[in-house]
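Working notes for the structure below.
The values are calculated or read from the model by the stated rules, or taken from the named source; none is laboratory data. Computed from a predicted model, the values in this text were never measured in an experiment. Positions of Cβ are generated from backbone atoms using ideal geometry, with glycine treated the same way; all protein chains shown enter the neighbour counts.
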């Protein structure tokens, strides 16, 4: 049986994929109702980006057993990547709802929360990917 970190990544990846698939419905609605291009773009970005996040988590789950990482590093990596994906899901969904891109601080609390969701997601993903790179290099040097 795979260790708990892999099982968490697979579960998080599947939930993220499901979320991305469900977001196809508001995208279809925005297209069919001929909403403004900004609204369609927001739902398109949310739909595709969240799907890619789910695929990324599943791909990482498949290579994690081969990396030279201690259990504590694996758990930390998984926590960082799952938190990053959740942060991006929040920012992308609420950004599409409120027509906020989240690239700059906004004028309201929700606009700022979309911005900070993106910032937190980016920081956590860089930290998680850095640990994955460390494990890849350590594995390469080990063999």
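Here's a check for you: in the stretch 30-61, which residue that is more than 17 Å from the chain's Cα centre (by Cα) and assigned to a helix (DSSP H, G or I) is surrounded by the fewest Cβ atoms within 10 Å (Cβ to Cβ)? The residue in question is 32. The set of residues from the stretch 119-136 being surrounded by fewer than 19 Cβ atoms within 10 Å (Cβ to Cβ) and under 15 Å from the mean Cα position of the chain (by Cα) comprises 119, 120, 122, 123, 126, 127, 129. Taken over the stretch 99-114, residues that are surrounded by fewer than 16 Cβ atoms within 10 Å (Cβ to Cβ) and either assigned to a helix (DSSP H, G or I) or modelled with pLDDT of 95 or more (or both) amount to 3.
Let me confirm something: among 27, 21, which residue is over 15 Å from residue 99 (Cα atoms), part of a helix (DSSP H, G or I), in contact with a helix residue (DSSP H, G or I) (Cβ under 9 Å, 6 or more places away or on another chain) and in contact (Cβ under 8 Å) with a residue 12 or more places away in the chain?
Of 27, 21, the one residue that is over 15 Å from residue 99 (Cα atoms), part of a helix (DSSP H, G or I), in contact with a helix residue (DSSP H, G or I) (Cβ under 9 Å, 6 or more places away or on another chain) and in contact (Cβ under 8 Å) with a residue 12 or more places away in the chain is 21.
When 12, 96, 68 are screened for being in contact (Cβ under 8 Å) with a residue 60 or more places away in the chain, outside any helix (DSSP H, G or I) and touching a helix residue (DSSP H, G or I) at 6+ places or on another chain (Cβ under 6 Å), only 68 passes.
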